[in-house]
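Since every read-out is calculated from the coordinates, none of them should be taken as a lab result. Quick caveat: nothing in here was measured; it's all calculated off a predicted structure. Here the Cβ is made from the backbone with ideal geometry for all residues, glycine too, and neighbour counts use every protein chain on show.
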Amino acid sequence: MYLVNVRTHKDNFNVGEQPADQFRLSDPYGHDSDGDNYILNFLQGYYYRTQETKPTLSGAPPRIGYRYVEAVDPKDGKLYRFTGRVEEPWQFDKRYLKGYTRFVLDRRPIEERSAHHGVKFEDISTREEREHWIAGSSLKVIDLESGQVLGERLGYMVDWAQGSRAGARSPWLFAADNACPSFDRGLALRGSQPAFSAQTGQTLDFVEKVLKPIQ
């Protein structure tokens with residue numbers, strides 16, 4: 001899997017708190033993890049170490065992930081192949097509790113991509129839409145050889161309070177409660193939590209519907 005663009009903190013920082021945020025095309029509908037965590041989202045083992053640890057809640061997305069992803073790291077502009085693995089820090093640092101494990105990101109510089117499929121997110125809002133606090137988003141899965149779009153999710157959301165910051169509210173976060181498609185994704189997992197709490201992981205959830213990972 002090749003990540004055509006990588007979501008950064010600069011993208012996610014746009015929650016509507018500053019006047020310029022109303023018109024900044026940072027794809028607030030597509031809000032997700034950023035930086036290395038955005039890359040980690042796509043790797044097998046990041047969400048569930050084994051099938052035995054995967055929750056069996058009805059409607060839960062599979063979140064299997066892929067064996068590797070390729071992307072240009074926004075921090076240095078270089079192309080890498082990223083893989084993930086589980087390590088036990090106690091093995092080399094006794095300050096950690098024995099038995100504690102964590103999922104870590106490994107990267108290897110490559111000269112050119114080898115992945116055949118890509119993922120691209122894009123803000124498609126117009127000036128007129130943003131004047132009414134409407135944000136539009138496109139998320140595509142692309143065949144990189146032919147340029148064919150294999151799947152695309154279009155989404156919109158609106159802040160009904162039209163950018164009000166009363167009570168220190170963040171307009172784009174609250175806009176997630178008025179989104180189509182919604183961020184519930186058929187889950188009974190969110191409960192009473194605000195909709196923006198379910199945005200993380202949404203990119204992988206859509207991509208896995210288009211490209212089924214090999215387990």
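Comparing Asp32, Asp205, Asp143 in a Gaussian network model of the chain (Cα springs below 10 Å), the most mobile by mean-square fluctuation is Asp143.
Using a ≥ b ≥ c from the Cα gyration tensor of region 88-148 (square roots of the eigenvalues), is it rounded, prolate or oblate, where a/c under 1.5 gives rounded and otherwise the larger of a/b and b/c decides, a/b for prolate? Because a/c hits 1.5 or more and a/b fails to exceed b/c, region 88-148 counts as oblate. Once the Cα-Cα distance is subtracted from the 0.36 nm per residue extended length, the Ile214 to Thr8 segment shows a gain of 71.4 nm.
Placing +1 on the Cβ of every Lys and Arg and -1 on the Cβ of every Asp and Glu, with nothing else charged, gives the chain a dipole about its Cα centre of roughly 760 debye.
Along the axis of the charge dipole computed for the chain (Cβ charges of +1 for Lys and Arg, -1 for Asp and Glu, origin at the Cα centre), the listed residues Phe196, Gly16, Phe103 are led at the positive end by Phe103.
What percentage of all Cα-Cα pairs in region 2-210 are separated by more than 21 Å? Provide the component values of the computation, followed by the final result.
On the way: 12724 of 21736 pairs.
Here the tail beyond 21 Å accounts for 59 percent of pairs.
Once you order the gyration tensor axes a ≥ b ≥ c over the Cα atoms, which shape class does region 72-175 get: rounded for a/c under 1.5, otherwise prolate or oblate by comparing a/b with b/c? Here region 72-175 falls in the oblate category. Computed over region 61-166, relative contact order equals 17 percent, with contacts defined as Cα pairs under 8 Å that lie 6+ residues apart.
As a length-normalised measure over Cα pairs under 8 Å and 6 or more apart, the relative contact order of region 2-210 settles at 23 percent.
Comparing Tyr38, Ala179, Gln162 along the charge dipole axis of the chain, the residue lying farthest to the positive side is Tyr38, per the Cβ-charge model.
Largest mean-square fluctuation among Lys94, Lys140, Lys75, in a Gaussian network model of the chain whose springs join Cα atoms under 10 Å apart, belongs to Lys94.
Percent relative contact order of region 56-116, based on C-alpha pairs within less than 8 angstrom and at least six residues apart?
30
Here the simple spin-label model places points 7 Å from the Cα toward Cβ, and for Glu131 and Leu79 these points are separated by 4.3 nm. For a quick check, take a GNM of the chain with Cα springs below 10 Å and name the residue from Ala20, Ala161, Ala195 with the largest mean-square fluctuation. With Cα springs under 10 Å in the chain, the top fluctuation among Ala20, Ala161, Ala195 is at Ala20. Less than 5 angstrom separates the built amide H of Gly201 from those of Ser33, all sequence-distant by 5 or more or on a different chain.
For Ile214, Ile110, Ile39, the sequence from fewest to most other C-beta atoms within 10 Å is Ile214, Ile110, Ile39.
Roughly what % of DSSP beta bridges within region 2-210 run antiparallel, to the nearest 5? Numbers along the way, then the final one.
Values: 30 of 35 bridges.
The answer is about 85 percent antiparallel.
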